[in-house]
Amino acid sequence: MRKLILASLTISSVLQAQAPPRTTPLRGSLERRLATLLDAPPFNRATWNVFVQDDRGRVLFNRNGDRFSVPASNTKLVVSATAAVLLPVDYRVRTSVYANGTVSDGVLQGDLILYGRGDPTWSERCFGIDTLAAGACDSTWTAVDAIADSVRARGIKRVTGRIVGDGSYFEPQIVHWNWASFDLNWEYAYAE
């Protein structure tokens, strides 16, 4: 839990670089230091929802932690930083493939089910500085091709049933109830 708090405080200290420089170090309890930071300009103009809890369940700080807010799009930076601290370096999001039927002579008599868990690599990714260079970018189909190769390696050459994308790993609400219909034109309107 210390790593998570440290990551949050690091992000706060980076944000504080926009505020006038502090001449004295913050003193006192964690609650007092966080309150001092959040109550200082320019942060005092925002509504903050902060809830800090230690690994034993003790609440160390709570400001509007029980209230819901629509997060800003830059919240993904905090989520990504938290994931980088808490997940192992070799962590990978898995997409599982299940066969609902029997396989005979390379033919699956039934459905092939892709069970997704939000793998962020299902997109075109570029690794080179010059993204126009041949081979610098993965295709949009790179992840799909890898799954197809895996299915083929297990002896399945044809599927008689359906290919089903199972998104039940996520909550069923795809569109936030508070988005205006105009917002639905943009990617940020859909829950991730």
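The values are calculated or read from the model by the stated rules, or taken from the named source; none is laboratory data. Quick caveat: nothing in here was measured; it's all calculated off a predicted structure. Cβ atoms come from the backbone with ideal geometry, glycine included; neighbour counts cover every protein chain shown. Remember, those area values only see protein heavy atoms, side chains included, never the ligands or the DNA or RNA. Shrake-Rupley method; radii C 1.70, N 1.55, O 1.52, S 1.80 Å.
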Pairing a residue in the stretch 75-98 that is in a helix (DSSP H, G or I) with any residue that is open to solvent by less than 80 Å² (accessible area, probe 1.4 Å), where Cβ atoms lie under 7 Å and the two sit 6 or more apart in sequence or on different chains, gives VAL78/ILE11; ALA81/ALA7; ALA81/ILE11; THR82/LEU4; THR82/ALA7; VAL85/LEU4; VAL85/ALA7; LEU86/LEU4
Every listed condition ((1) polar (S, T, N, Q); (2) exposed (fewer than 12 other Cβ atoms within 10 Å of the Cβ); (3) at pLDDT 75 or above) holds for THR142 save (2)
Taking ILE156 as the residue in question, decide whether it is modelled with pLDDT of 90 or more and either open to solvent by 40 Å² or more (accessible area, probe 1.4 Å) or not in a helix (DSSP H, G or I) (or both). yes
Exercise. May I ask you to verify whether GLY28 is within 25 Å of VAL85 (Cα to Cα), small (Gly, Ala, Ser) and either at pLDDT below 90 or not in a helix (DSSP H, G or I) (or both)?
Key: no
Picked from the stretch 59-116 (must be open to solvent by 70 Å² or more (accessible area, probe 1.4 Å), in contact with a strand residue (DSSP E or B) (Cβ under 8 Å, 6 or more places away or on another chain) and polar (S, T, N, Q)), the residue farthest from ARG158 (Cα to Cα) is ASN62
VAL164 vs (1) at pLDDT 90 or above; (2) part of a helix (DSSP H, G or I); (3) open to solvent by less than 100 Å² (accessible area, probe 1.4 Å): all pass except (2)
